[in-house]
Each structure stands twice: as C-alpha cells, then as structure tokens.
Amino acid sequence: MISRIWHGWTTPENADTYENLLKEEIFVGIHDRQIPGYRGIQLFRRSVDEEVEFITVMWFDTLEAVRQFAGDDYEAAVVPPSARKVLAHFDDRSQHYEVCAERMVKN
C-alpha cells in the first residue's frame, strides 16, 4: 500500500470554505473517477500561528494507481483551480510512502 501525503495552508477566514470544498466537491470528484487501486482519503486540520494547515493522506494499492490519479509526474501536487483560490500556499510536490505496518484498534 502507498500513502500520498500533501500539505496546504489557508487563512482562518478561508479555512471552513476550503474544508467544505474538499469534502463536498474535490473528494467526491476523486471518488467518482473510479481509479483502480484508489482506497480512500483522510483530511487533517490544525491552526498554526496565523494560518490553518490542512493535510490530505490518500491511500493507493500501488504507485501505478497513484499515476492514474496524478499522471506520469505522480509527485506533482493535484490542486484544482477552485482550491488554489482559497489556499495561501501549498506543497508543489506530494510525498509517497510505502506502508510497512498498520495496527488499528477496534473498540
């Protein structure tokens, strides 16, 4: 399994707008692409000084599945124009990690 991690930052005033855009439009659009090997996405948010940081973690079976999502230059950030309008700055490149272990606790 491959984890794709990306960071973006926005102002506190734009944070809710950006979060809603992700959840209601961008994540739905990714799901609707029906990319073979795409397993899902997580969203993290925290306030840092004068900004709000967002992290997305996407899950794929293989790097080939990542390429199906992002293209041949699979490390390049995929940031739609609607998101660019509300982000103050963001990573130009995503990081990819092989998931070596996972241990989740079910209650």
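Each reported figure results from applying straightforward, stated rules to the coordinates on display, with no laboratory input. Please read all numbers here as calculations on a predicted model, not as lab measurements. Counting neighbours? That spans all protein chains shown, and the Cβs are built from the backbone with ideal geometry, glycine included.
Annotations
- Cα gyration tensor shape for segment 22-63, rounded if a/c is under 1.5, else prolate or oblate: oblate
- Low-density loop cleavage sites - GluC sites (Glu not before Pro) in segment 3-107, where at most 10 other Cβ are within 10 Å (DSSP): Glu50, Glu102
- Computed across the chain, the Kirkwood hydrodynamic radius from all distinct Cα-Cα pairs reaches 14.6 Å.
- The trypsin sites (Lys or Arg not before Pro) of segment 1-94 meeting both criteria, a DSSP state outside H, G, I, E and B (loop) and at most 14 other C-beta atoms within 10 angstrom of the site's C-beta, are Arg33, Lys85.
- For Ala77, residues with placed amide H under 5 Å, excluding near neighbours: Arg93, Ser94
- Cβ-placed point charges (K, R +1; D, E -1), dipole of segment 39-107 about Cα centre in debye, nearest 20: 400 debye
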